[in-house]
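Single-structure report; data block below.
Every number in this text was worked out from the coordinates using simple rules, so none of it is lab data. Since we're looking at a predicted model, the values are computed, not measured. We place every Cβ from the backbone using ideal geometry, glycine too, and count neighbours over all the protein chains shown.
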Amino acid sequence: MIPIRRLDNPVPIGFIYVQLPDQKSPGEIWPGLQWENVSPSYGGLFFRAEGGDSVGFGSEQGYSAPRIERAYAETYPFSTVPTIDVIFPASGWTLPIMSAHNYNDSMNYETLKFLISGGEVRPVNKAVRIWKRTG
């Protein structure tokens, strides 16, 4: 039988510990060890496993959220009304977009406007703390 060597401390310097909400900090679990909160180095980031559509290990992949970016309107077959191409703002109201023409009154147009919230798409989440053993 090979004897098992007992380590005085199995947590090596540089070890990263992720503290989930409602769980103990590493200082409470391993008293006497020194820990640095390195969470600000990763603030606001979402982590995913490398591979698939993920960028390479250690690279930062920019945000992306599906949303309507432009509206384009034309009248057919012919009209004196110009073609409309509206770029939607990141937030706030769009410019009016002509949606209909009242043929009984050539000066009467109906328009649509859209309100863009400007919020980001994100799943329900909670913040965690990331600790690094320093001593």
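Show me 85-95, 50-60 ranked by packing, highest mean number of other Cβ atoms within 10 Å first.
Ranking the peptides 85-95, 50-60 by packing returns 85-95, 50-60.
Using modelled amide H (1.01 Å from N, peptide plane; none on Pro or chain starts), what sits under 5 Å from the amide H of residue 35, excluding residues fewer than 5 places away?
Correct list: 134.
Check which residues have an amide H placed less than 5 Å from residue 98's amide H, if you skip close sequence neighbours.
The list, which skips near neighbours in sequence, is 112.
What are the ³J(HN,Hα) couplings of region 26-40, residue after residue, when phi is run through the Karplus curve with 6.51, -1.76, 1.60 and θ = phi - 60°? Round to Hz, x for glycine and proline.
Once θ is set to phi - 60°, the couplings for region 26-40 become x, x, 7, 7, 10, x, x, 8, 9, 10, 10, 7, 9, 3, x Hz.
Multiplying the sequence separation of residue 129 and residue 11 by 0.36 nm and subtracting their Cα-Cα distance, what value in nm do you get?
Details: separation 118, 0.36 × 118 = 42.48 nm, distance 1.77 nm.
Extra length available between residue 129 and residue 11 comes to 40.7 nm.
In whole Hz, with x marking every Gly and Pro, tabulate ³J(HN,Hα) for region 14-22 from phi via Karplus 6.51 cos²θ - 1.76 cosθ + 1.60, θ = phi - 60°.
x, 4, 9, 10, 9, 8, 7, x, 6
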